Amino acid sequence: MNFKITRRHLLAASGGFLALPLFESLASREANAAPASDPRRLVMIHLPNGTVTRMETPTWFSAPDGPLTAANAPIPLQPFSANLGDITLLRALTQSARDQALKNGAGGHGGSKPCFFTGQVPQNLTTDASGISGDSFDVMYAKTTPNGRNIYLGNSSQGGGDGVAYAYELSHKNGQKVVPEINPVSFYNAYFKDLAASNMPAPPSDYARNPKTLDVPVAAINSLRSELGKADRVRLDSYLTSLSDLKKTLGAQPPVATCTKPGMPSVDAATANQNGLRGMPYFARMTAFNSLIATAFQCDLFRSVAISFGSEGNYTTYDGAYPASLNYNGAALTIQYDHSVSHHSPISSEAGSYGYEPNMTRDRMHLYLVVDLINKLKAVSDPSGSAVLDNTIIMAGFCVDDGQHNSGPSLGTPMLVAGGKNFMKPGRSMDASPYDLNDLYFTFAGLLGMNIASFHPIPQTLKPYNKATGRMSGSTVVPL
Amino acid sequence: MKLVECGLIAAVVAGCTSGAAGDLPPAGAAGTAGMGAQSSTDPTSPTSPTNPTDPTNPNNPTHPADPLATAGHYALRRLTNREYTNTVQALLFTKQTPGAAFQENLPGSSGFTNDSQALDISSALVASYYAAATTLAKEVIGSKGTAGGAYAKLVVCDASQATCAGQTVSTLAKRALRRPVSAADLDDKNGLMGVFSASGTFDQGLHDVIVSLLMHPEFLMIPVVDTASLDPTAVFALDDYEVASRLSYFLWQSMPDDALTASADQGALHTPAGLRAQVTRMLTDARATNLKNVLRDEYAGLLSLARADLTQLGQSNALRDAMVGETDAFLADIVDNDRSPLTLLTGTQSFANKTLADWYGLSFPAGANASVFLPLPSTRTGIGSQASVLINTAGGSPTFTNPIKRGHWIANRLLCINPPPPPPNIPPLPPASTEHPTVRERLDAHLNTPACKACHADMDSVGLGAENYGPFGQWRTSYADQAPVDASGTLPGDGTPFADSAGMYLALGASERARTCVALQFMKLALSRDLGTEADQSTASAVAKSGVTGTSHFSDFIWSITTTAQFLKQTGEAP
């Protein structure tokens, strides 16, 4: 039975705050509630320090709504034309939690970092960002997966010395910060060292072990039906139909994971200064992580990964050790703080401006790593034959929008969502200004079968902060 | 369903037919006093012919002239999310709150979320049920070995003994299904023992039986069935177990406890004394706080306020919490101290902590704990004049009130007037102008269309009647532009005049219609459906006459609802 909630019923309820978008989101999420037989994965990537979003500079927003092509791809995506079909660019997404943190007095960076994965406004506005009471989205998803593992990989671990680290603030589990793994070798030892090089069938589900658990309720429904009048039978039939659908979903054969044990990575971060990253090629370390993630997904060792790509204090990170083809207009990255590259431009009045070109080179460098992961996930398969990438959601974005020291309310950061072709339609640019980052997480939750009513880690506001869209964050489906 | 006008409400349906079957199923032939009880001349005795609350009293106006019209049909419904959580907590001794993650329940036309017409079951919800069931089952098994844990409470025999499995499953099933279990339920091939046996081990069997029970339609839903279920001309009585379920979900939003089930086992819920004893016990139990919570969240409608961020309107969330806390404490006082339900309309105490007392301009006792809600003398009258309700219905502006929103709440909640929804494309209120400077004049100008005025006449008079309370519930005699507030008007229906907002709430307290509406609202909650027939009005009026008075008690009021035909009987339905 489909019960239409009429406006009369809305008005019959007392009070003045009716979450109309919730109804739309409920209706459209039903189709995604049941997971496919292949597992679904999530990769959340944080790009540090913001980027240039000013409209007068040709940076991120050149692509109109529609397919991403080599002709319209924004500067950071131009070297990756072969992968434009894997990526959706969301332009001008807001981040209400971050905005609220700013309104509460946080600095642009200090308030943004803890909000990005958690969607929560920190109670403590120091740069330590303590006071997050719950889980970040990557942790929330991990807790629903069979292994319950959330993996957090980072460029640096803790702050101090060479600058404040973002990585330490982003992911929270049970109200505590999650310390990222920064060394591919120790990551390998934790998850891959003892992997058997053979097929690893997943254990049977509870339902597969004993289907009678749902046979009894079905029989009870059929018995009860015969005692009820027509209108009541319709209600019962609605349950019977849904229960039958559930039985079909649960009865599907569990996936059989086939994967090959990987070799030990050649980069060992224990031999180098972590925060400065001198002497240890950044690219080599992050691409090693990507290789291991691809294997782990294929082996179904875990399904939720968060990655922090950098920190405010990164310097000599690149040291020229990245493909020169990524340079934009000849702007190479040499000895520069990532913070300087992203925050000092011809427009800023601060001394030592570098222009926006090095920022674009830096963005390309980060995206190279994202595309590396995309390609590695494309190269491995799930039991159904789909590429693992087609069953994986990758998101990559910034928590500080305008890197040029304009830490005001979010003007709309660029956000990339990649993969997931079995349940999303990548390969386009879309205007995301009606949506919030929490809506994105809400949408992911539906695609990942998490069955959450909404992603409202921050208290409901009477009006969205500083926006006229009229939408509440965290309960609207983004059309991915 | 549009309610009848107040002219009909005022006309009490003439008594009951002498000798008609009582509201409780008769032990003997129709026309007897019922229950096998002997009449008493003591007017306070429940069997006295002159005791108006005696359901067997043929002079009791709750006796319907038309049993079919009165009993009504309760539609099969599922548990609300809140009820699901409370039920699994009671059944499996867990502290988890799985219902909080389900698709949100929205109220139906009754105004409550337990409205059977509003509770559909989607595939997504069923998947949530299954996920919750497996998680809860795992938690039970995981508690094995913990003294006082769920496993120890559910498995009270030696699992190595052959009879223990059947004993455990049978006991658990009776509690989960809220009725005695049959041989078919426990069948060792196609029933619950079949589930148990297929699992291989005792613990896995218990796990699987728990999952099976939590997916069972008689766990997730609250059926009422009878051999006459398929006869739309029949009226039948609920059996004791169905009465127990209806009672426990009304008063506790949860399953019957062992004592209530035992009462059903003994057939005691078909005696006035037995039913009365359970109502009294349940209202004095800590679980009655769930009733108070439903009244706060849904009758007063404060769930949305509790989630709102008042800092967006320039106020603090501490003030928000104080306002919600007042209504919470006010309702708790009525339930816990057995006050009259009329207090909802006439209560003149503000339950205020220091924050709210300062807001109201009341004197908070020196030395008292600033965070405790104390009853303080107030000039406000009833729940409608509390700041929580006023701000929640003000319209969301820090500067202006919306008389239409407030008027709709008062009309709907306090007078049981249900205006139909507005037609599409309604323009907003025009801004203040030289021609129509006040909100009253703008409303009149806005509603020049007779079709609009027909509905708004009921809402606007009371909405404007609340104008002495600003957007945050503080008393005012003028607007920001110094224009005087004119909150005079008349109550819809009986036309009682009032000069200002204080007068309006006093008039509501004295209004027979409002008192009847109190009864009607509680009946809607008890019956999980909207009510609006003439018979419903008649019953509500009779319940209000004895139960919503200055000297009545909450427990008596609730008991009188539980003795109505609507509560204890059901009509069949077309096959």
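Observations
- Taken over region B:344-363, the criterion of being surrounded by fewer than 19 Cβ atoms within 10 Å (Cβ to Cβ) and in a loop (DSSP other than H, G, I, E, B) is satisfied by B:T348, B:G361, B:L362, B:S363.
- Among the criteria (1) modelled with pLDDT under 80; (2) outside any loop (DSSP other than H, G, I, E, B), the one A:P122 does not fulfil is (2).
- Out of A:I151, A:I132, sole residue that is among the aliphatic types (A, V, I, L, M), open to solvent by less than 30 Å² (accessible area, probe 1.4 Å), in contact with a strand residue (DSSP E or B) (Cβ under 8 Å, 6 or more places away or on another chain) and at pLDDT 80 or above: A:I151
- Evaluation of B:A329 against (1) out of contact with any strand residue (DSSP E or B) (no Cβ under 7 Å at 6 or more places or on another chain); (2) modelled with pLDDT of 85 or more; (3) not acidic (D, E) (one fails), failing number: (1)
- For region B:171-190, the set of residues classified as over 23 Å from B:S128 (Cβ atoms), surrounded by 16 or more Cβ atoms within 10 Å (Cβ to Cβ) and more than 13 Å from chain A (Cβ to nearest Cβ) consists of B:K174 only.
- The residue list B:T289, B:T271 contains one member that is among the β-branched types (V, I, T) and modelled with pLDDT of 95 or more, which is B:T289.
- For region B:438-480, the set of residues classified as assigned to a strand (DSSP E or B) and crowded, with 18+ Cβ neighbours inside 10 Å consists of B:Y469 only.
- Candidate set from region B:295-337 (those that are farther than 22 Å from B:A357 by Cβ and open to solvent by 30 Å² or more (accessible area, probe 1.4 Å)); member that is nearest to the chain's Cα centre (by Cα): B:L303
- Top-ranked residue in region B:71-120 [being hydrophobic (A, V, I, L, M, F, W, C) and modelled with pLDDT of 90 or more; ranked as nearest to the chain's Cα centre (by Cα)]: B:F112
- Cβ separations smaller than 8 Å between residues 6+ apart or across chains give the following pairs from region A:206-221 residues that are facing chain B (nearest Cβ under 7 Å) to residues that are among the charged types (D, E, K, R): A:D206/B:D208; A:N210/B:D208; A:K212/B:D208; A:T213/A:D206; A:T213/B:D208; A:L214/A:K247; A:A220/B:E218.
- Summed over region B:97-120, residues that are over 30 Å from B:H408 (Cα atoms) and at the interface with chain A (Cβ under 7 Å from one of its Cβ atoms) total 1.
- Only one entry of A:S308, A:S345 meets the criterion of being at pLDDT below 90 and under 30 Å from A:R149 (Cα atoms), and that entry is A:S308.
- Taken together, B:M221, B:M193, B:M215 contain a single residue that is within 11 Å of another protein chain (Cβ to nearest Cβ) and under 20 Å from B:Q161 (Cα atoms), which is B:M193.
- Of the candidates B:A234, B:A273, the single residue that is more than 23 Å from the chain's Cα centre (by Cα) and within 14 Å of chain A (Cβ to nearest Cβ) is B:A234.
- Summed over region B:309-340, the residues that are of a type in the set (S, T, N, Q) and more than 14 Å from every other protein chain (Cβ to nearest Cβ) give a count of 2.
- Residue list for region B:226-260, restricted to those being surrounded by fewer than 20 Cβ atoms within 10 Å (Cβ to Cβ) and at pLDDT below 90: B:D226, B:T227, B:A228, B:L230, B:D231, B:P232, B:T233, B:A234, B:F236
- Condition check for B:T516: open to solvent by 20 Å² or more (accessible area, probe 1.4 Å) and either among the polar types (S, T, N, Q) or in the same structural domain as B:D358 (by TED's automatic domain parsing) (or both): no
- Of the helices (runs of 4 or more DSSP H) lying entirely inside region B:501-575, those containing at least 3 residues that are polar (S, T, N, Q) and in contact with a helix residue (DSSP H, G or I) (Cβ under 7 Å, 6 or more places away or on another chain) are B:534-547, B:554-562.
- Extreme residue, modelled with the highest pLDDT, among residues of region A:162-190 that are part of a loop (DSSP other than H, G, I, E, B) and under 20 Å from A:G148 (Cβ atoms): A:S171
The values are calculated or read from the model by the stated rules, or taken from the named source; none is laboratory data. All of these numbers come straight from a predicted model, not from anything done at the bench. All Cβ positions, glycine included, derive from the backbone under ideal geometry; neighbour counts span all protein chains shown. For accessibility, only protein heavy atoms count, side chains too; no ligands or nucleic acids. Shrake-Rupley method; radii C 1.70, N 1.55, O 1.52, S 1.80 Å.
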